[in-house]
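To start, the structure under review is shown below, and the notes come after it.
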Amino acid sequence: MSESKKPNENNSISEKSAVALREEAVLKFWQENKIFAKSLEQTAGGREFVFYDGPPFATGTPHYGHIVAGTIKDAIPRFETMRGCFVRRRWGWDCHGLPVENLIEKKLDLKSKKDIEEYGVEKFNRAAREVVLEYVDDWKIIIPRLGRFADMENDYRTMDSTYTETVMQIFKRLHDKNLIYEGYKSMQICPRCETTLSNFEVGLGYKDITDISVTVKFELVDEPGTFVLAWTTTPWTLPGNVALAVSPEIEYVKLKVKSEKLKVGEVETYILAKARVEQVLVGEEYEVVEEFKGKDLIGKSYKPVFDYYAKDETLKNRTNGWKIVGADFVTTLDGTGVVHIAPAFGEDDMALGQKANLPFIQHVSMDGRFKSEVTDWAGELVKPKS
């Protein structure tokens, strides 16, 4: 246990604890005697142990999140070194990605991707290169203070041409072995910078908000006046709808409904999960016409709510679109027991779209606005900032 800290009359710390002094003494001993370098000399003939360490950004100083990960990254190479392995532990810097881009955009007062293009990509890259290693000297002080052995003088940088060439060479070797394929993946997009976001980057701005949801009526082609009800919290994805998903073994019902929302004497027929009727049709007068399993709905066609793309005869897999399909992720925990499927906007949707060979409709541009094909709202933000 460390000694008590002794505040002076101004409540500042006048003495360092015994632990702090001991740590400084050990660090000084390591540095003056070049202990890390000697450990490399002693194991130079041993089996090489390669430790892949994701390099940090140098656009800010280390924070508490680096302590645990850094300690683990130090402990494993130390263990292998004690076993006689040669572990270089060469430090690196990640010079790419949103952190440095955001830094430059703020510095140059650039608000969007269009602003960057007008400023000039070459000039933007040059500005980024000048600041990307701004905090390197701080890292060189702090990382050793954490007790970590690393070669921070002979560092590599992802912006170096040699690094880029190596990455391309590795990629080509993988391609030559037929280990590279082209495909799609559902990813979060930043509409301001028009690029994909990692889960980490999305989490940085995470917050709970109250959002809108809608229950949509999809009319069956062979049963005019009969509507399958689907609930969605992303109504802006409806122009990209190409299917409705039901659970094959869930019980569904067909109901005749008299609603105050309809004209006097008018009756509509709805289909939804039996377990969700009371929650969906609160206060409505209805009569159960038929009960059946979800599998009995599979294959039925319905009229698209928006036909911007349904009329396009060149659309791939168009004949498979706007039909009811089965999916094991459909539940009755909320909604109607029917899920609206837009393969371009969700991991489950995309996987189901690929499995069922559904059309793939991307009706939103990278800047978060409806494309020109969506004539009713062309150019408008699909999800304005709240």
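The values are calculated or read from the model by the stated rules, or taken from the named source; none is laboratory data. Computed from a predicted structure; not experimentally measured. Because the Cβ atoms are built from the backbone with ideal geometry, glycine has one as well, and the counts that use them run over all protein chains shown. Just so you know, the surface numbers come from the protein's heavy atoms only, side chains and all, with ligands and any DNA or RNA stripped out. Shrake-Rupley method; radii C 1.70, N 1.55, O 1.52, S 1.80 Å.
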Looking at region 250-345, which trypsin sites (Lys or Arg not before Pro) are in a loop (DSSP not H, G, I, E or B) and have at most 14 other Cβ atoms within 10 Å?
Lys261, Lys263, Lys311, Lys316
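On average, how much accessible surface per residue is there in the chain, in Å², for a 1.4 Å probe, leaving out ligands, DNA and RNA? Spell out each step's value before the answer.
Details: 25190 Å² over 386 residues.
It amounts to 65 Å² per residue over the chain.
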Highest mean packing first, using Cβ neighbours within 10 angstrom, the peptides 99-106, 205-212, 141-148, 31-38 sort as 99-106, 141-148, 31-38, 205-212
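First measure r as the distance between the Cβ atoms of Glu117 and Gln362, then evaluate 1/(1 + (r/R0)^6) with R0 = 22 Å and state the FRET efficiency to the nearest 0.05.
On the way: r = 22 Å, r/R0 = 0.98.
FRET efficiency, Glu117 to Gln362: 0.50.
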Between Val136 and Lys293, how many nm apart are label points set 7 Å from Cα along the C-beta direction?
6.6 nm
FRET efficiency for Ser301 and Val202, Cβ-Cβ distance as r, R0 = 45 Å, nearest 0.05?
0.80
Nearest-10 value in Å² for the accessible area of Ser39, using the 1.4 Å probe
20 Å²
When N is the residue count of the chain, what does its C-alpha Rg come to as a fraction of 2.2 N^0.38 Å?
1.42
Rank-order 194-202, 176-184 by packing density, defined as the average count of other C-beta atoms within 10 Å over each peptide's residues, highest first.
194-202, 176-184
Whenever you get a sec, line up Glu268, Glu122, Glu373 from highest to lowest accessible area (probe 1.4 Å, protein heavy atoms).
Glu122, Glu373, Glu268
Sorted by average packing, counted as other Cβ atoms within 10 angstrom per residue and highest first, what order do 230-243, 58-71 take?
230-243, 58-71
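Under 1.5 on a/c is rounded, so check that first for region 115-192, then, if it is not, pick prolate when a/b is larger than b/c and oblate when it is not; a ≥ b ≥ c are the square roots of the alpha carbon gyration tensor eigenvalues. Let's see the in-between values first.
Working: a/c = 1.93, a/b = 1.26, b/c = 1.53.
Oblate, because a/c is 1.5 or more while a/b does not exceed b/c.
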Please list, by residue number, every one of the chymotrypsin sites (Phe, Trp or Tyr not before Pro) in region 316-365 that is coil in DSSP and has at most 13 other beta-carbon atoms within 10 Å.
Phe329
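Please give the length that would be gained between Thr195 and Asp312 if that part of the chain were fully extended, namely 0.36 nm times their separation in residues minus their C-alpha to C-alpha distance (nm, one decimal). It would help to have the intermediate numbers written out before the result.
Working: separation 117, 0.36 × 117 = 42.12 nm, distance 2.80 nm.
Between Thr195 and Asp312, full extension yields an extra 39.3 nm.
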What's the extension gain from Asn102 to Glu347 if we count 0.36 nm per residue and subtract their Cα-Cα distance?
85.4 nm
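Assuming 0.36 nm per residue, please report the length gained on full extension of the stretch Thr233 to Val19 beyond their Cα-Cα distance. Working shown, then result.
Details: separation 214, 0.36 × 214 = 77.04 nm, distance 5.48 nm.
Going from the current span to full extension adds 71.6 nm.
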Please report, in debye to the nearest 20, how large the charge dipole of region 214-360 is about its Cα centre when each Lys and Arg carries +1 at its beta carbon and each Asp and Glu carries -1 there.
360 debye
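Could you work out the helix-only [θ] at 222 nm for the chain, with each DSSP H run of four or more residues adding -39,500 (n - 2.57) and the total divided by the number of residues, to the nearest 500 deg cm²/dmol? Could the numbers behind the result be given before it?
Details: 11 runs with 115 residues, N = 386.
Value at 222 nm, helices only, nearest 500: -9000 deg cm²/dmol.
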Place a point 7 Å from the Cα of Lys274 in the direction of its beta carbon; the residues of region 210-232 whose amide N falls under 20 Å from it are 227-230
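Leaving out ligands, DNA and RNA, what percent of the accessible area of the chain is carbon and sulfur, probe 1.4 Å?
52 percent
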